[in-house]
1. Rg and Dmax of the chain over Cα atoms: what are they, in angstrom?
2. Report the net charge of residues surrounding LEU160, where surrounding means a beta-carbon distance below 12 angstrom and charges are Lys +1, Arg +1, Asp -1, Glu -1.
3. Per residue and in cubic angstrom, what volume does the convex hull of the Cα atoms of the stretch 66-150 have?
4. Which of rounded, prolate or oblate describes the stretch 160-199 when judged by the alpha-carbon gyration tensor and an a/c cut-off of 1.5?
5. Note the angle between two axes, namely the Cα long axis of helix 147-162 and the longest principal axis of the Cα atoms of the chain, as a number of degrees from 0 to 90, rounded to the nearest 10.
6. So between LEU160 and TRP21, what do we pick up on full extension, going 0.36 nm a residue minus the alpha carbon distance?
7. Summarise the accessible area of the chain (1.4 Å probe, protein heavy atoms) by the percent that is carbon and sulfur.
8. Under 14 Å from the Cα of LYS8, which aspartates and glutamates turn up, not counting those fewer than eight places away in the same chain?
Amino acid sequence: MPTLYALKPAFQAKLRPLADWLAGAGVTANQITLLAAALSVATGVVVAALAGHRAVFLLMPVVLFARMALNAIDGMLAREHGQASKLGMYLNELCDVVSDLALILAFAALFPAWGVVAFAITAVLVEFAGVLGIAGTGRNYAGPFGKSDRALALGIIAFLIACGLWVEAITPFVFPAMATLSLVTAINRIRSGLNGSGG
């Protein structure tokens, strides 16, 4: 299924000069991975704590984009600059999950908590289903609602909240709908893995 992940090669191409510069400066992939996680957790805490001030939600799209960029850069540093390691693999996957949880759960300050928690759990299931593919055909990225798609959706929601454009009538339905899309994505990744496709 189509997913924003298909745009990753073009995104990486834009970031490659920066990744090359960072490598030359001695920055490691693991440092970038940890930076992305720290930034995400800090943002989640700040947004949740200050959710009454809607403008704080403007942090979300900025940090979500920065996180995507940092994730692309750590991958390039690992693959293209000889920094791949088993520790890096663990850090990459675990930090992704921690970052997702921190950024998603912050929305429980304004949305029904059960829906936000359901989305957080299914987002983890999506990543877990993707990682399990490594044992077979490689990391699975089947859609329709992978990490990049989640980031875009959360960024749009946060932007609308910050600008006072959010439609309150749809509040109870948004996160359950995204949880459903995530569950479909997890199933698609499992199906792709069983069929021998990388997604």
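The values are calculated or read from the model by the stated rules, or taken from the named source; none is laboratory data. These numbers come from a predicted model, not from an experiment. As a convention, Cβ positions derive from the backbone with ideal geometry for all residues, glycine included, and neighbour counts pool all protein chains shown. These accessible areas exclude ligands, DNA and RNA; they are computed on the full protein's heavy atoms, side chains included. Shrake-Rupley method; radii C 1.70, N 1.55, O 1.52, S 1.80 Å.
1. Over the chain's Cα set, Rg and Dmax evaluate to 16.9, 51 Å.
2. 0
3. Considering the Cα atoms of the stretch 66-150, their hull volume per residue is 99 Å³.
4. Judged from the Cα gyration tensor, the stretch 160-199 comes out prolate (a/c at least 1.5, a/b above b/c).
5. 30
6. 46.5 nm
7. So the carbon and sulfur contribution to the accessible surface is 74 percent.
8. ASP74, ASP149
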